[in-house]
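In what follows, a single structure is set out as structure tokens and then discussed.
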Amino acid sequence: MSILSVENLKAHYVTEKRRKITRVLAVDGVTFHINKNEIYGIAGESGCGKSTLLKAMSGLIKPPLQVLEGEVKYHFDDRELDILALRGEKERREIRGARISHIPQGSMSVLNPVRRIRKSFEDIVGTHLGIRGGSEFEELVKSHIEALGLDWNVMHSFPHQLSGGMRQRITIALATILKPDVIFADEPTTALDVVVQRGVVQLIKKIKQEQQNTMVIVTHDLAIHANLCDRLAIMYAGRIVEEANVDDMFQTPKHPYTEMLLNSLPTLGDRSVRESAPGAPPSLVNPPSGCRFHPRCPKVMEKCRLEVPELIEVESGHQVACFLQEGRVYEQTRELGANYH
Ligand SMILES: Nc1ncnc2c1ncn2[C@@H]1O[C@H](COP(=O)(O)OP(=O)(O)O)[C@@H](O)[C@H]1O
Ligand SMILES: [Mg+2]
């Protein structure tokens, strides 16, 4: 059952500099569904629109970002919610605190430096639950903090007294204290060293176990996705190019872009230096025609320069936007057809 459905979402940034208006189409026609209680990953190189997609899905839309088209609908047990149709920022903020929680990219550096950690918890719990200090506050926060394996003493610290890893854990604890139905985490492990990353991954798993929420995790780091996610979408230049469950994605990747990303991963015991993916994603001001990956694709065909491949299901639950696959499906259907005649 899906808890969130996104239909043909298009969002762009409009900026003006010396009377010249620039339009960056960062999310360009994204359609997908998130199942209740799953951990859904979104991967792709930097600049592919991952953070923008997350912002639009959690209703964090303010200039220069604008949603052009599409729907973002939540299907909670007690209500349906079209987050883009909510008028006021106040309404969206209420939903964001209690039902959905967005942990933005680089969030561990936004903890207020002149306030103790406890203050940040007081703000959230006070605003949303009306509990301001006292034993009720302590009980609530303590049980949450301790369930996540954090020490109550951190409450008395200032952010600069804590390590980067600890600050990130605090940010995640803050974002989950209200037990939201859906949690969006944008690059939660980026900028942390590998050992600390592992701690953050464990923390995310623990929250999922304790609270049974649905999670959407964005990172360019495929190893994290392999470790954490049930299903995975690969984004390239504002579009989803492949979606599958994590095992299928890693074992039988079908889009040449996914293959390129997987080939640049180091494998265990392999000491040779892996090539990073050659080239870079295109500018989204004036993206390439046809399949946006075509200028970098080792398997490019004439058609790829001219036409946009649609995301199609090639195996159960495995979707790909690539003309190579379209050919395969066509061949299969023709064979099936031949068998009938
Ligand atoms: N505030 C902004 N103003 C203008 N362009 C932006 C802004 N934020 C992001 N972009 C552009 O939108 C595109 C997608 O960015 P982003 O969603 O951050 O990608 P990702 O998270 O995959 O790295 C990029 O081309 C980026 O430069
Ligand atoms: Mg990002």
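Read-outs: derived from the displayed coordinates by stated rules, not from any lab. What you see is a predicted model; the values in this text were computed from it and never measured. Quick reminder, even Gly has a Cβ in these numbers, built from the backbone with ideal geometry, and neighbours come from all protein chains shown.
Cross-link pairs exceeding 30 Å between alpha carbons, from the set Lys10/Lys142; Lys62/Lys299; Lys55/Lys205; Lys73/Lys299; Lys206/Lys299; Lys55/Lys179: Lys10/Lys142; Lys62/Lys299; Lys73/Lys299; Lys206/Lys299. Here the chain carries DSSP beta bridges of which approximately 65% are antiparallel, counting only pairs with both residues inside. If r is the Cβ-Cβ distance from Trp152 to Ala98 and R0 is 41 Å, what FRET efficiency results, to the nearest 0.05? Once the sixth-power term is evaluated, E becomes 0.95. Over segment 1-157, Cα pairs under 8 Å with separation of 6+ residues give a relative contact order of 20 percent.
Taking other C-beta atoms within 10 angstrom as a stand-in for reagent exposure, Phe137, Phe158 fall in the order Phe158, Phe137, fewest first.
Between helix 194-211 and the chain, what is the angle of the helix's C-alpha long axis to the longest principal axis, kept within 0 to 90° and rounded to the nearest 10? On a 0 to 90 degree scale, this one is about 80. Note on Lys36: aspartates and glutamates with a C-alpha under 13 Å away, same-chain residues under 8 apart excluded, are Asp77, Asp181, Asp230.
Treating r as the C-beta distance of Lys303 and Gln202 and R0 as 35 Å, the FRET efficiency rounds to 0.15. Once you reduce segment 112-137 and segment 228-266 to the center of their Cα atoms, the two points are 40 Å from each other.
This model, with +1 at the C-beta of Lys and Arg and -1 at the C-beta of Asp and Glu, gives the chain a dipole about its Cα centre of some 1420 debye.
Which of the listed residues, Gly44, Thr31, Gln66, is farthest toward the dipole's positive end in segment 5-76, when Lys, Arg count +1 and Asp, Glu count -1 at the beta-carbon? Selected residue: Gln66. Picking from His225, His12, His33, which is most flexible by a Gaussian network model of the chain using Cα springs under 10 Å? Ranking His225, His12, His33 by mean-square fluctuation puts His33 first.
Round to the nearest 10 and give me the degree value, 0 to 90, for the angle of helix 134-147's Cα axis relative to the longest principal axis of the chain. Tilt relative to the chain: about 40 degrees.
In whole angstrom, note down how far apart the Cα centers of segment 84-105 and segment 1-65 are. Centre-to-centre (Cα) distance: 15 Å. Using C-alpha pairs under 8 Å with a sequence gap of at least 6, the mean separation divided by the residue count of the chain gives a relative contact order of 19 percent.
Exposure proxy for Thr31, Thr22, Thr189: other Cβ atoms within 10 Å of each Cβ, ordered fewest to most, give Thr22, Thr31, Thr189.
In nm, what is the difference between 0.36 nm times the number of residues separating His128 and Glu91 and their Cα-Cα distance?
12.1 nm
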